[in-house]
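Below: the structure, in structure tokens.
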Amino acid sequence: QVQLVESGGGLVQAGGSLRLSCAASRSIVSINAMLWHRQAPGKQRELVAVITKGGTINYADSVKGRFTISRDNAKNTVYLQMNSLKPEDTATYYCNALWSANNYWGQGTQVTVSS
């Protein structure tokens, strides 16, 4: 099993940056994929970025060129660097781990971008 704890959310002005962190309770080296999702009020949860065990990275079209997912295996942590933030990026951001046929989620961290 793995517990995930997100941090780094907050209030930022449009054009600003935030870095989200997702700390895992175990080594992430063998975790098949680590993902970031987000959910805005009244909208469905959407996939933002994914990094696989092999290092493959993919982004939603809406964040390409602005967001960067990365991981630090030594710290069991995955990051989401968010630059050039827009009001439409406002959402609760969730960390997600796919491992051993199971799906694990963090509690979420709120990101609010003011115009």
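The values are calculated or read from the model by the stated rules, or taken from the named source; none is laboratory data. Quick caveat, the model's predicted, so the values are computed rather than measured. Positions of Cβ are generated from backbone atoms using ideal geometry, with glycine treated the same way; all protein chains shown enter the neighbour counts.
List of remarks:
- Annotation note: of Gly15, Gly55, Gly10, the sole residue that is surrounded by fewer than 14 Cβ atoms within 10 Å (Cβ to Cβ) and over 20 Å from Met82 (Cβ atoms) is Gly55.
- Count of the range 84-115 residues, restricted to those that are in contact with a Phe, Trp or Tyr (Cβ under 8 Å, 6 or more places away or on another chain), within 18 Å of Asn58 (Cβ to Cβ) and of a type in the set (S, T, N, Q), is 1.
Per-residue answers, yes or no, for (1) assigned to a loop (DSSP other than H, G, I, E, B); (2) surrounded by fewer than 19 Cβ atoms within 10 Å (Cβ to Cβ):
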{"position": "Ser62", "(1), (2)": "yes, yes"}
{"position": "Arg71", "(1), (2)": "no, no"}
{"position": "Ala74", "(1), (2)": "no, yes"}
{"position": "Leu98", "(1), (2)": "no, yes"}
{"position": "Thr112", "(1), (2)": "no, yes"}
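- Per-region count, the range 100-110, residues surrounded by fewer than 18 Cβ atoms within 10 Å (Cβ to Cβ) and assigned to a strand (DSSP E or B): 4
- Neighbours by Cβ (under 8 Å, 6+ apart or cross-chain): first from the range 34-59, in a loop (DSSP other than H, G, I, E, B); second modelled with pLDDT under 95 and crowded, with 17+ Cβ neighbours inside 10 Å: Lys53/Ile31
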